[in-house]
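Input: a single structure, listed below in structure tokens.
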Amino acid sequence: MQTQDKCAEALKLILFFFQGKGRSVLVFLAGKGEIADMKKRLQQAGLAVDLLESIHADIGIEEMQRRTQGGHTKVYLSTSVGETSLTIPGVVV
């Protein structure tokens, strides 16, 4: 499957769980470029920018913790740093 096809499928799944089910979603992507691309796609699909959080090593652990505090339903777009560095309250997918 080509990269564009994978992105399109990922976009469908994100929208299904976030918009359709009202759940926070954590998506692991290869790097900051892929995060920026997916963020753009999600905005084009109608998601407000304040519902999208980018998580990667360049922002530092304190900023990661601030961005992932509970209480809000969001789409978290993360590099692999999120796999070992964070627990995000409310993420079910």
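The values are calculated or read from the model by the stated rules, or taken from the named source; none is laboratory data. Model, not experiment: these values are computed from the prediction. Heads up, the Cβs are rebuilt from the backbone with ideal geometry, glycines too, and the neighbour counts pull from every protein chain shown. Note: areas computed on protein heavy atoms with side chains; ligands, DNA, RNA excluded. Shrake-Rupley method; radii C 1.70, N 1.55, O 1.52, S 1.80 Å.
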Review point. Among the strands (runs of 3 or more DSSP E) contained in the chain, which hold 1 or more residues that are open to solvent by 50 Å² or more (accessible area, probe 1.4 Å), touching a strand residue (DSSP E or B) at 6+ places or on another chain (Cβ under 8 Å) and at pLDDT 80 or above?
Key: 25-28
Review point. Applying the selection to segment 15-68, what residues are closer than 15 Å to VAL81 by Cα and touching a Gly at 6+ places or on another chain (Cβ under 9 Å)?
Key: LEU26, PHE28, ILE55, HIS56, MET64, THR68
Check your understanding: Would you pick out the residues in segment 32-59 that are farther than 24 Å from PRO89 by Cβ and of a type in the set (A, V, I, L, M)?
Key -> ALA36, ALA45
